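Worksheet: one structure, shown below.
Any read-out appearing in this document is the output of simple, stated calculations on the displayed coordinates, not a laboratory observation. These numbers were taken from a predicted model, which means no experiment stands behind them.
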């Protein structure tokens, strides 16, 4: 079996809803193989109707993992999934992610969850933190705009 070339980051990809469903199932299967993954979200342009450049996945890993182990798993999954689905995949950890990124991610599609209560607690805390932070961030931005 010949190896397919790796996908290009500047290429645009279009998929039918059926193709997207198949890709999502492949991703779920791969993620389920890793007991260190607590939950994972699909987010970004792949979920829209427009062509996309890549597929974005955010993963919350078991808290017992060291930062280096999380980085290693993130890189391993990026390569594995990119090769498996022949589409550039960007995998990021949610463990130390900022509130804005976490909020954006949780508006995506939940791919897997090993513990629903843990996942929904994470989502609730994220949304609460974001909604508490957003007015302050908007005021700081307004002040900066007014200053210049």
- Of all DSSP beta bridges in the stretch 17-146, what percent run antiparallel (nearest 5)? 65
- Note on the structure: Sorted largest first, the Cα spans of the chain on the principal axes come out in Å as 61, 38, 29
- Helix-only CD estimate at 222 nm, as mean residue ellipticity for the chain, using -39500 (n - 2.57) per DSSP H run (n ≥ 4): -17500 deg cm²/dmol
